[in-house]
1. When only alpha-carbon atoms count, how far does region 79-125 stretch along each of its three principal axes, as whole angstroms with the largest first?
2. Taking the convex hull of the Cα atoms, report for region 23-124 its projected area averaged over all directions, in nm².
3. Could you check the spin-label model distance between E73 and L125? Points 7 Å from the Cα along Cα→Cβ, value in nm.
4. What number, in percent, do you get for the relative contact order of region 23-124 if the mean sequence gap of Cα pairs under 8 Å and at least 6 apart is divided by its residue count?
5. Taking 0.36 nm per residue of separation and subtracting the Cα-Cα distance, what length does fully extending E97 through D81 add?
6. Within region 73-125, which GluC sites (Glu not before Pro) sit in a loop by DSSP and count at most 15 neighbouring Cβ atoms inside 10 Å?
Amino acid sequence: MEENLQPTADDAVDTGGEDAFEVKEAVGFMLFETSGIINELGPESFNNEESAFELACAIDDVFTMLDEGMYFEVIVMLESDILERMDGFANTGEPDEDDWVTSIEGQALLYPLLTETIELLESML
């Protein structure tokens, strides 16, 4: 039986133990995982080559903003700029015209991971 190796917010943050990650570290972990998934997706998973590049750049921008403590701005960017570009399957069952990620597999991996990342960030505010 294959285990689900997809990281979740619960994996990253254990509020009951001394070894628990701080929330910022957990968010960084989740974003690192997001970058890894993006890099592993094939070109057929994206609307076009530019979409893959724009998504990778947007995630890099999020890392920079996180390092600068711009948590609210990171949430806005994740919700407005990034999730809206990979929410077609979650909302309608098919990719939207403006989705960067157009494969169901890509959206199925990335959308919930970024949603959990936003939830972690919201706990920091």
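All of the numbers you see were taken from the coordinates with simple rules; none came from a lab. On a predicted model such as this, the values are computed, not experimentally measured, just so you know. FYI the Cβ positions are ideal-geometry reconstructions off the backbone, even for glycines, and counts take in every protein chain you see.
1. 33, 18, 15
2. Taking the Cα atoms of region 23-124, their convex hull projects to 5.5 nm² on average.
3. So the label points at E73 and L125 sit 1.5 nm apart.
4. Result for region 23-124 is 39 percent.
5. 4.3 nm
6. Numbers: sites: E73, E79, E84, E97, E105, E116, E119, E122; in loops: E97.
Listed in order of number, the matching sites are E97.
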